[in-house]
Amino acid sequence: MTDKNGGQPALSPENARVIELTRKDFVSDQEVRWCPGCGDYSILAQTQKTMPDFGVPKENVVFISGIGCSGRLPYYMNTYGFHSIHGRAPTLATGLKLANPSLMVWVVTGDGDALSIGGNHILHSMRRNVDIKVVMFNNRIYGLTKGQASPTSELGKKTKSSPAGTVDYPVQPLSIALAAEASFVARSVDTHTEHLQETLNKAGYHHGSVFVEVLQNCNIFNDGAYREFTERDVREDRMLFLQDGQPMVFGKEHDKGIRLNGLHPEVVQLGNGISEKDLLVHHEDAEDPYLAFMLSRMWWPQFPVPVGVLRRVERATHDQLVEGQISDAITRQGAGDLAKLLASGETWTVSR
Amino acid sequence: MTTETLPRKDINIQELDRVTIRFAGDSGDGMQLTGNQFTRTTAVFGNDVSTLPDYPAEIRAPAGSLPGVSGFQISFASADIYTPGDEPDVLVAMNPAALRTNVGDLPAGGALIVNSDAFSVNNLKKAGYESNPLTDGSLKQYNVFDIPISTLNAGALEGLDMTAKQVDLSKNFFALGLMFWLYERSMEPTLRWIEQRFAARPVIGEANRRALKAGYAFGETTEMFHTTYKVPPARLAPGTYRNITGNEATALGFVAAARLAGRDLVYGSYPITPASDILHALASYKNFGVKTFQAEDEIAAIGSAIGAAYGGALALTASSGPGIALKSEALNLAVMVELPLVVVDVQRAGPSTGMPTKTEQGDLLMAMFGRNSDSPVPVVAPATPGECFEYAIEAARLALKYMTPVVYLSDAFLANGAEPWRIPALEEMPDISIANHTDRPFEPYARDPHTLARPWAVPGTPGLEHRIGGLEKADVTGNVSYDPDNHHHMQLLRAQKVAGIAEDIPALTAHGPQSGDLLILGWGSTYGAIRSATERLQAEGWSVAHAHLRHLNPMPANTEQVLRSYRKVLVPEINLGQLSLLLRARYLIDVVGLNRVRGKPFRIIDIKQAAEELLGRNGK
C-alpha cells in the first residue's frame, strides 16, 4: 500500500552508505541483446553504476520504457520494470506515481518514442512536474524498425523511408523539454562515460520532471552521428561542458568562450582584451529559462555543443500537489464516510 | 402568500397510475434543471420515477433554433415503472422550436402548455412556422393551454434589481411551479435547493423563489385548469431511497469498490460526453482518498490507470466510444500484462463523433473484439441507473480476482437517466479484497489453479523485483518468449481465464414462464422497455418471458439452456444486431433481432409490436 508519510526513500549519500548496494545488485539475469557496439550498453552500465548512490532500496526503483531499442533496458535492470507500448511510458509512470509516490521512477525512451508517437505525453508529464526521470536515447534514427528517419534526423537525411532525403525539419529535444517546463534538463553523451554517470546521478537526485538527452550512437543505421564533436581529440574544442556558476569557457587550452551579443550568443577567443568576465556565466537554477533555452539551440559547427545540466529548478511535484489536496480534503471534511456519502442529497424512507 | 395547503376549490382531482411529462425549451431555458427539480420532488414524494434527458451537444445553439431545443422527459407512477414513458401526457413547450420538435410525440388529446410570449414572428420563423400554430388551428387535436409565461413571470419579479434578460431566465421556475400545482407536488424540496444553490446570489435566489411560487399560484387562481392530478406514492420495497443517475451510481460504485477492496481508487480520464460527469463526481471525493487525473488524452488516461494498477491501486478509466477506440492498444497491454483495471464505456451514438449526447448500444463488439489478436476481456453491463452502482463493484471484483481488465458498458440513457435507488447497507456489499503477493519463491506468471490469475506483486515489495511488458510471456516465468508452442499455450490460457468466470457469476434468470413461446433477451439500458412490454404481453395472456444479460463476456453458464427453452428468441438492441451476432455464433440459435438506432431508447410499444409479430399476430 501507499507509503503516505515516507515520501521518497531517503535520497541522500548518507543513506546510500546504510543501504550499501553495488552495481551488481542492479544487474538482472537477462542476457543483454543490443547490437554489438551499440551506445545503449554504455547508458545501461552508467545507470547501473550510479543507482547505488541514491540509497534507494532496489524494490523501490521502477524502470518504465516504451518501444524501440531503448525499450529493452528495463529487462536488464534488477529492479521493478515495465516495458510498455510505443510512446506511452510517461503515462504509466504518472499513474504509478499517483498510486505510490514513494517510488523512484525512471522512464527510458528514444527520439522516436518520446518525440514522435509519445510527444504529447512528454509535453504533459514535464509541465505537470511529475516526479519521473526521463532518459531519452537520441540516435537520430529509428533503429528497431531498421533505419527510418526520426524527429531528430537532419533535414535531407537519406534513409530507407526517405531515399531522396527527409523533407521534415528536425526538433531540438532540449528546447522542447524546456518549453514543456521540465524542471531538470540535461544532456550527455554515451561514450563520455564519466560525464554520463555524473549527469544521471544529478538527475536521480532531482525531485520533479527530469529530461536527460543522451547522444547515442547507432552503429548499424546511423553510425557516427555525433563523431564530429564527440571524439576524444576534438570534444574539448567542439563541446561546451557546462559548470554551474562558472563562465562558459571551452577549448583544450580553455581559450574560447560564449559571450552575449545583443540577443545572440557568440563564440569569442579569450585574450586581446576579452576576459572571462565578458563571458556568460551558467546558472542551472536561473529563475527564467532564457539562458537554458539559448543553450538548447547551440549546435556544432556554429557553436560548441553544450552538455551537462541546462536547467534545474525546484517546484512542487505532481504527486505532492495531489496528495496535498487529499490531505486538505480530509482535514476539512474528515475521512470519507461511505454510508453518509451514499445517503447524501434528498432521501426518503419506505417502511412496511 | 399562497401555499399548497389551500383547499382546491372547484377543481376535480383525478387519480392516475402514471403520468409522463416532457419539458422542452431552448437550451438556455434551463429545461434540464427544471426536469431534475421535478424528478427530485417526485422521487421524495414516493413515486417511482424514470427520466430521459434529451439535450443538444451544442452548449448554446442559436437561441430559438431547432437544433438548440433541450428536453427532459419524466415518467412517474404509483407502481413500479421501468421506462421514462413512450409518449408524454403533457408537453411543456417554452418556444416555437420546442413545440415543433416535440409536438409529434404528443398523442391526440394530450395536454400542451406553451409560453405564448415566445411565439414572436422572429421565433416562429426560426422554428420554420409559416403561421402561428397557436392561432391557425393546427393544434386543435390537443388540449392547449397558452400562457404568457414570460409576462406573468416578469410581473412577479417586479422590483428586483435585475435586467429584463435576467428576469426572463427564471421563467422555467414559473413553469415548474405550475406543474407542481397541477400534479400536487410540494414546492419545499425546490425551495430548499434554491436556498442552498443561490446563497451567494440572493437576488437570483429570490427571483427563482418568486417565479416558482407565482407559477404555483397561477395554477391555483386561473380558471384555465379544471382538473389536477394525483399520482399516489408507489409501493417500493422498504428501505431508504434517493434519486440517482447512472453516472452518479457508477462513480459511487467505484468509490465503494475501492473501500471494499481496501485500496486507493485512481481514476485516469479525459473529458468526453456523456462520461465526464463520472470525472466530476470522483474529483469531489478527495476525502475518500480518490485520486483523479485529467489526462492529456484518452491514451494517457488509460496509461495512467495501468500504471496505477501496477502500483497496487484500484485503477479505473472511463470514456465513450471514440475514446475507447483510442484506448484499445493500451487495453491490450493490460490484457498481456494481466493487471486489474476497469474501463467504463458510456456508449453514445456513432460511428465517429456521431451524436454525442444520444444513446446507443453500438460498442458491444468493440468491447469484445476491438483489439489486435485474440484478446479476451470480461464485459459487464448494468441494466438500470441504480444497477450502475452494483456493477461497478462487480467489475472491480472480476478485475481484482482474475487479474484482468474488465469493460463496463453503460450508455447515455443510463448515464443521464434517473430513478429512485434503495441505498444499500455496507454489510450487503461483497468483500472484494485481494492481497498483494509478498512470498517467495515468486514467478510473475505462475497462476492460481482455480482462477488462473497471476500474482499481483507491486513495486515496493522486497525480493520480488521483476519485469513485465507487452511482449509475449513465457508461461510461469514471464520472461520474453518467442517460442511457438508457448505462444499457443498462452493464448489459450488467457482465453480460459476469462471463460472460467462463467462459473463465478449468477445464472441467467427468466421473468415469466420458464419455457414457452417467446423469450425477449436484452442487455444494458433496454431493460425497462423490455420488462414493460413483457408484462403487458403476459397480462394479455401470451407465453412470453424476459431475460437480461448483465455479463456479456463470459455469458452465464446456463445461457444456452435458457434460450433453448423458448420457441423463439427476440433480441432488441439499439444497434444493428451485435448481441444477436454473438448468440448466433456462440450457440447456433436463430435469434431474431429488433434493431432501432435512433439515438433514443426503445419505446415499450416498439418491443411489444415486434413480439406480437413473432407470436403470430401479424396484421392485427
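The values are calculated or read from the model by the stated rules, or taken from the named source; none is laboratory data. Please read these numbers as outputs of a predicted model, since none were measured by experiment. Here the Cβ positions follow ideal geometry from the backbone for every residue, glycine too, while neighbour counts run over all protein chains shown.
A few remarks follow.
- Taking the numbered list (1) within 14 Å of chain B (Cβ to nearest Cβ); (2) surrounded by 13 or more Cβ atoms within 10 Å (Cβ to Cβ); (3) farther than 30 Å from A:T91 by Cα in turn, A:Q246 passes all entries but (1).
- Of the candidates B:P441, B:P430, the single residue that is in a loop (DSSP other than H, G, I, E, B) and either closer than 30 Å to A:S344 by Cα or charged (D, E, K, R) (or both) is B:P430.
- Residue match in region B:456-476 (condition: outside the structural domain of B:A257 (by TED's automatic domain parsing), touching a Gly at 6+ places or on another chain (Cβ under 6 Å) and surrounded by fewer than 21 Cβ atoms within 10 Å (Cβ to Cβ)): no
- Residue within region B:485-500 that is surrounded by 14 or more Cβ atoms within 10 Å (Cβ to Cβ), of a type in the set (V, I, T) and not in a helix (DSSP H, G or I) present: no
- For region B:217-257, filtering for residues that are part of a strand (DSSP E or B), among the basic types (K, R) and within 24 Å of the chain's Cα centre (by Cα) leaves 1.
- Against the numbered list (1) surrounded by 14 or more Cβ atoms within 10 Å (Cβ to Cβ); (2) of a type outside the set (F, W, Y); (3) over 32 Å from the mean Cα position of the chain (by Cα), B:G177 comes up short only at (3).
- Residues of region A:301-328 classified as away from chain B (no Cβ under 14 Å) and either free of Cβ contacts under 8 Å to residues at least 12 places away in the same chain or surrounded by fewer than 15 Cβ atoms within 10 Å (Cβ to Cβ) (or both), total: 5
- Scoring A:L92 on the criteria (1) in contact with a strand residue (DSSP E or B) (Cβ under 9 Å, 6 or more places away or on another chain); (2) more than 25 Å from A:K146 (Cβ to Cβ); (3) part of a helix (DSSP H, G or I); (4) more than 8 Å from chain B (Cβ to nearest Cβ) leaves a single failure, condition (4).
- Qualifying residue in region B:283-296 (condition: more than 10 Å from chain A (Cβ to nearest Cβ) and in a helix (DSSP H, G or I)): no
- Test: residue in region B:300-309 that is within 10 Å of chain A (Cβ to nearest Cβ), among the β-branched types (V, I, T) and in a strand (DSSP E or B): no
- Filter result for B:T245 (surrounded by fewer than 20 Cβ atoms within 10 Å (Cβ to Cβ) and β-branched (V, I, T)): no
- Residue tally, condition under 14 Å from the mean Cα position of the chain (by Cα) and either within 11 Å of chain B (Cβ to nearest Cβ) or surrounded by fewer than 24 Cβ atoms within 10 Å (Cβ to Cβ) (or both), over region A:134-145: 0
- Exclusive hit being modelled with pLDDT of 95 or more, surrounded by fewer than 23 Cβ atoms within 10 Å (Cβ to Cβ) and either touching a helix residue (DSSP H, G or I) at 6+ places or on another chain (Cβ under 8 Å) or assigned to a strand (DSSP E or B) (or both), set A:L123, A:L155, A:L98: A:L123
- Residue selected from region B:74-98 under the condition under 14 Å from B:S50 (Cβ atoms), buried (at least 24 other Cβ atoms within 10 Å of the Cβ) and β-branched (V, I, T), by the criterion modelled with the highest pLDDT: B:I74
- When B:L316, B:L333 are checked against the criterion of being buried (at least 24 other Cβ atoms within 10 Å of the Cβ) and more than 8 Å from every other protein chain (Cβ to nearest Cβ), a single residue qualifies: B:L316.
- All positions within region B:571-620 that are part of a strand (DSSP E or B) and over 30 Å from B:N102 (Cα atoms): B:V592
- Of everything listed in (1) more than 8 Å from chain B (Cβ to nearest Cβ); (2) touching a Gly at 6+ places or on another chain (Cβ under 6 Å); (3) surrounded by fewer than 24 Cβ atoms within 10 Å (Cβ to Cβ), the single unmet condition for A:G66 is (3).
- Within region A:274-285, the presence of a residue that is modelled with pLDDT of 95 or more, within 21 Å of A:A182 (Cβ to Cβ) and in a helix (DSSP H, G or I) is excluded.
- Subset tally (residues that are under 29 Å from the mean Cα position of the chain (by Cα) and of a type in the set (S, T, Y)) for region B:469-522: 1
- Residue in region A:208-230 that is of a type in the set (D, E, K, R), closer than 27 Å to A:S150 by Cβ and assigned to a strand (DSSP E or B) present: yes
Table: residues versus (1) in the same structural domain as B:A97 (by TED's automatic domain parsing); (2) surrounded by fewer than 24 Cβ atoms within 10 Å (Cβ to Cβ); (3) outside any loop (DSSP other than H, G, I, E, B).
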{"residue": "B:G28", "(1), (2), (3)": "yes, yes, no"}
{"residue": "B:L33", "(1), (2), (3)": "yes, yes, yes"}
{"residue": "B:T42", "(1), (2), (3)": "yes, no, yes"}
{"residue": "B:S50", "(1), (2), (3)": "yes, no, yes"}
{"residue": "B:A57", "(1), (2), (3)": "yes, yes, no"}
{"residue": "B:A63", "(1), (2), (3)": "yes, yes, no"}
{"residue": "B:F72", "(1), (2), (3)": "yes, no, yes"}
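Table: residues versus (1) assigned by TED's automatic domain parsing to the domain that holds B:V69; (2) buried (at least 17 other Cβ atoms within 10 Å of the Cβ); (3) of a type in the set (K, R); (4) within 21 Å of B:A214 (Cα to Cα).
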{"residue": "B:G104", "(1), (2), (3), (4)": "yes, no, no, no"}
{"residue": "B:E130", "(1), (2), (3), (4)": "yes, no, no, no"}
{"residue": "B:L134", "(1), (2), (3), (4)": "yes, yes, no, no"}
{"residue": "B:I147", "(1), (2), (3), (4)": "yes, yes, no, yes"}
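- Selection from region A:171-224 of residues that are among the small types (G, A, S) and under 21 Å from A:R238 (Cβ atoms): A:S175, A:A186, A:S188, A:G224
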